[in-house]
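Some notes on the structure that comes next.
Every number in this text was worked out from the coordinates using simple rules, so none of it is lab data. Keep in mind that what you see is a predicted model, and the values were worked out from it rather than measured. Note that we place each Cβ from the backbone using ideal geometry, even for glycine, and neighbour counts take in every protein chain shown.
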Amino acid sequence: MKIACIGAGYVGGPTMAMIAYKCPDIEVVVLDIAQARIDQWNSDKLPIYEPGLDEIVFEARGRNLFFSIDVEKHVGEADIIFISVNTPTKVRGVGAGAAADLTYWESAARTIAKACTSSKIIVEKSTVPVKTAEAVEKVLARNCVDKSIRFDILSNPEFLAEGTAIDDLKKPDRVLIGGRETESGLKAVATLKAVYERWVPSERVITANLWSAELSKLTANAFLAQRISSINAISALCEATGANVKQVSYAIGTDSRIGPKFLNASVGFGGSCFQKDILNLVYICESVGLKEVADYWRSVVTINDYQKDRFVNRMLEAMFNTVSGKRCAIFGFAFKKDTGDTRETPAIDVCHKLMADKAKIACYDPQVTEDQMIRDLSLDPYMWDHPAGQVTPKMTMVKQQFTTCKTAYEAAAGAHCIAIMTEWDEFKTLDYQKLYDGMVKPAYIFDGRNIVDPVKLREIGFVVYGIGQPLDPFVTESAF
């Protein structure tokens with residue numbers, strides 16, 4: 001069997017590497033039109049930081065895992081073709097700011113139609129709107145010259161979480177495969193199911209119809225984001241009443257009907273999926289006339305934006321309503337620990353708001369490069385996943401207020417405050433006395449991830465703010 005995957009990003013690369021790693025008799029080729037990205041996959045330094053990824057790629061690469069830009073050749077030879085291209089939020093036109101841009105999807109479908117000389121199984125791996133499979137079928141049917149060729153479209157959404165992706169791929173909660181409930185559709189589902197069952201217990205490989213599978217991915221991300229926004233909304237109430245959101249989260253998480261996961265209050269959620277998928281869900285609901293449902297899901301994003309605004313407002317109020325000219329140390333830029341992914345990271349909005357008040361930002365992240373941070377801070381909303389507009393005039397302005405540092409200690413030297421934006425483990429074990437000694441007084445810590453001990457830090461001399469925790473007396477007295 002031969003498998004090809006169009007798209008070498010955060011989903012396509014790791015997923016195909018795992019299939020090749022677990023199925024050494026299957027040839028897997030990951031394809032992309034960007035030579036630079038393919039070169040990185042073929043190098044010693046992969047384009048994605050993910051714990052455990054190097055091991056499986058280096059084990060399978062050159063044996064039965066290959067990375068190439070020769071899209072048409074390998075698509076034409078494959079038995080199963082995964083499509084794992086970007087589906088970014090539209091930035092203009094109908095549905096701008098909510099609907100998914102399927103430009104890359106349509107382009108991939110046209111490439112497949114042109115390259116194929118035999119019947120194929122086409123697998124949706126990207127997160128797509130409901131009924132995308134139907135659109136792909138139409139493009140393939142009208143563009144494939146040989147009308148005897150059959151294309152069976154499957155939906156196989158990926159549920160991995162960045163930072164734990166390899167473990168998620170090795171031992172997934174479930175693998176979902178959706179297909180048409182026809183003889184050929186069921187046969188295609190069985191073919192793909194057999195691949196996953198090489199290492200995933202059969203009871204965890206579940207099947208559904210195409211539309212249910214497509215909607216399940218959007219719904220899963222919406223539910224996870226909803227939990228984060230729900231506890232973040234409660235964190236604001238905790239601060240207003242003197243309650244501790246950590247204690248509230250623990251108490252409700254012991255209820256088996258609720259469970260403890262995704263109940264950690266924070267500065268807000270980020271990543272490539274949550275906001276994009278919720279907005280896509282909102283657009284779909286509006287398109288079919290479900291305004292109240294759309295409003296409900298939009299509120300999840302509204303609370304997320306509110307939480308980021310609230311965090312910055314706490315910083316400003318505590319620091320005497322101005323950060324103009326003040327050095328603010330940002331600890332972490334990635335949207336979560338154990339990944340270098342910065343898409344929709346809360347750090348972008350927090351830095352923007354601080355710089356708007358003329359703060360000087362000094363940022364340290366162990367996995368994110370300076371170029372990536374500058375690019376992210378220079379792009380307009382929703383442009384992070386679009387090739388156009390990678391370089392903007394805003395970069396010059398950003399560089400005047402934003403610098404990167406090689407260590408947390410360098411970032412905090414001479415700073416008025418530290419804002420913890422990513423829950424990297426190293427931030428839990430820093431020498432905070434050393435950090436305090438090198439900072440301007442009063443020295444503040446704004447913990448956007450609730451990973452440090454406020455009692456111990458206050459004993460050192462810090463003024464500490466933690467999301468949803470009782471307010472520091474200094475903050476209460478001086479700022480409110």
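From the phi of every residue in region 30-43, what ³J(HN,Hα) in whole Hz does the Karplus formula 6.51 cos²θ - 1.76 cosθ + 1.60 yield, where θ is phi - 60° and glycine or proline is x?
9, 10, 7, 7, 8, 4, 4, 5, 5, 4, 5, 5, 8, 9
For a test of the definition: using alpha carbon positions, the gyration tensor, and the 1.5 limit on a/c, classify region 2-200 as rounded, prolate or oblate.
rounded
Take each of the peptides 368-381, 327-340, average the number of other beta-carbon atoms within 10 Å over its residues, and list them starting from the highest.
By packing density, highest mean first, the sequence is 327-340, 368-381.
What does the C-alpha gyration tensor say about the overall shape of region 223-479? Classify as rounded when a/c is under 1.5, otherwise prolate if a/b is larger than b/c, or oblate.
oblate
Would you pull out the residues with amide H under 5 Å of Ala419's amide H, same chain only if 5 or more places away, H placed 1.01 Å from N?
For Ala419, whose amide H was placed from the backbone, the distant partners under 5 Å are Ala329, Ile330, Phe331, Phe446.
Please give the peptides 271-282, 436-447, 40-51, 459-470 ranked by average Cβ packing (other Cβ atoms within 10 Å per residue), highest first, as a rough proxy for protection.
271-282, 459-470, 436-447, 40-51
List the residues whose amide H sits under 5 Å from the amide H of Thr89, counting only those 5 or more places along or on another chain, with H placed 1.01 Å from N in the peptide plane.
Asp101
Once the dipole of the chain is set up with Lys and Arg at +1 and Asp and Glu at -1 on Cβ about the Cα centre, which of Asn64, His74, Val130 lies farthest towards its positive end?
With unit charges placed on the Cβ atoms, the residue in question is Val130.
What is the distance in Å between the Cα centres of region 156-212 and region 6-35?
16 Å
Mind running the shape call on region 77-175? Use the C-alpha gyration tensor, a ≥ b ≥ c as the square roots of the eigenvalues: rounded below 1.5 for a/c, prolate if a/b tops b/c, oblate otherwise.
oblate
Mind listing the long-range amide H neighbours of Gln367? Cut-off is under 5 Å, sequence gap 5 or more, other chains count too, H placed in the peptide plane at 1.01 Å from N.
Correct list: empty.
I'd like to compare 134-146, 294-306, 258-270: which one has the highest average count of other Cβ atoms within 10 Å, and what's the full order after that?
Those peptides, ordered most packed to least, come out 258-270, 294-306, 134-146.
Would you mind working out the magnitude of the charge dipole of the chain relative to its Cα centre, with +1 at each Lys and Arg C-beta and -1 at each Asp and Glu C-beta, to the nearest 20 Debye?
With Lys and Arg at +1 and Asp and Glu at -1, about 480 debye.
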